[in-house]
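What follows is one structure encoded as structure tokens, with my remarks underneath.
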């Protein structure tokens, strides 16, 4: 039987201490370990103001992964897939060829598992949990088209500031509503539209200290943009502005998106 000598125990213990000390130093735990503090270092650390750990972590993520400055413009001509930082459920959105152009495609048959909003969203941001890609006071614009694969109506929309501009197929309406309360329309109007035809949606959000002013319009893509806004609404600022994005609800027909723009106001 091999005996463990005191010298071997001392060597093993020293190696363990070195490894643990290096690991603690790398993770920033050294400030919490008295054995690694000098008196002057301990005094400076304990006298320094401390922020909540979550706030510090959020700040570090924003520094490491800042969002690109606006405008964000996506034509998908050189893309094989949606940007890696976009937030969406796996297999719902893809980039495909349609009519000679590459477009963003929402697959048929998917719905949002959330009971709050049944529309399946694609948000233009990453690390949304840490508030990195939340954009305030911007204008979102996108070309949209619903394929005429069935008679089941589809709804398609764009998102900013927690609100949705939505083309509703069954009601033939243009609607501005909150994502948190989709059953309540902030404002709406009749808008006749058909499948297999491209339309442009545009939603602008402007902020002041107490409110958000939303303005929206839609028009056939090949026609000039109308000079006047079709819808106006005013809402209280949400607790979190959230990411801009697109959304769709479709049982059998696929939804196409192209020429997506997010522009600062």
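The values are calculated or read from the model by the stated rules, or taken from the named source; none is laboratory data. Everything quoted here is computed from the prediction, not taken from an experiment. Heads up, the Cβs are rebuilt from the backbone with ideal geometry, glycines too, and the neighbour counts pull from every protein chain shown.
Residue 248 - would you say it is crowded, with 19+ Cβ neighbours inside 10 Å and in a loop (DSSP other than H, G, I, E, B)?
No, not satisfied.
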Conditions (1) in contact with a strand residue (DSSP E or B) (Cβ under 6 Å, 6 or more places away or on another chain); (2) outside any strand (DSSP E or B); (3) closer than 25 Å to residue 87 by Cα: number failed by residue 195
(3)
Here is a check on your reading of the model: is residue 216 in a strand (DSSP E or B) and either farther than 30 Å from residue 97 by Cα or free of Cβ contacts under 8 Å to residues at least 60 places away in the same chain (or both)?
yes
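For the structure I just gave you, tell me whether residue 210 is within 16 Å of residue 180 (Cα to Cα) and either free of Cβ contacts under 8 Å to residues at least 60 places away in the same chain or not assigned by TED's automatic domain parsing to the domain that holds residue 85 (or both). Full working, then the answer.
Values: within 16 Å of residue 180 (Cα to Cα): no; either free of Cβ contacts under 8 Å to residues at least 60 places away in the same chain or not assigned by TED's automatic domain parsing to the domain that holds residue 85 (or both): yes.
No: the conditions fail for residue 210.
Quick check on my filter: what residues within segment 154-169 are in a loop (DSSP other than H, G, I, E, B) and over 14 Å from residue 118 (Cα atoms)? Step through it out loud before you land on a result.
Applying the first criterion (in a loop (DSSP other than H, G, I, E, B)) to segment 154-169 yields 154, 161-162, 169.
Listed by number, the residues that qualify are 161, 162, 169.
Take the conditions surrounded by fewer than 19 Cβ atoms within 10 Å (Cβ to Cβ) and either touching a helix residue (DSSP H, G or I) at 6+ places or on another chain (Cβ under 8 Å) or more than 20 Å from residue 252 (Cα to Cα) (or both) and apply them to residue 178. Does it pass? Before the answer, list the steps.
Values: surrounded by fewer than 19 Cβ atoms within 10 Å (Cβ to Cβ): no; either touching a helix residue (DSSP H, G or I) at 6+ places or on another chain (Cβ under 8 Å) or more than 20 Å from residue 252 (Cα to Cα) (or both): yes.
So residue 178 does not fit the description; no.
Yes or no, residue by residue, for (1) modelled with pLDDT under 90; (2) in the same structural domain as residue 196 (by TED's automatic domain parsing); (3) part of a loop (DSSP other than H, G, I, E, B):
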position: 40; (1), (2), (3): yes, no, no
position: 58; (1), (2), (3): yes, no, no
position: 61; (1), (2), (3): yes, no, no
position: 76; (1), (2), (3): no, yes, yes
position: 85; (1), (2), (3): yes, yes, yes
position: 97; (1), (2), (3): no, yes, no
position: 102; (1), (2), (3): no, yes, no
Does residue 232 satisfy the condition of being under 25 Å from residue 148 (Cα atoms), in contact (Cβ under 8 Å) with a residue 24 or more places away in the chain and part of a strand (DSSP E or B)?
no
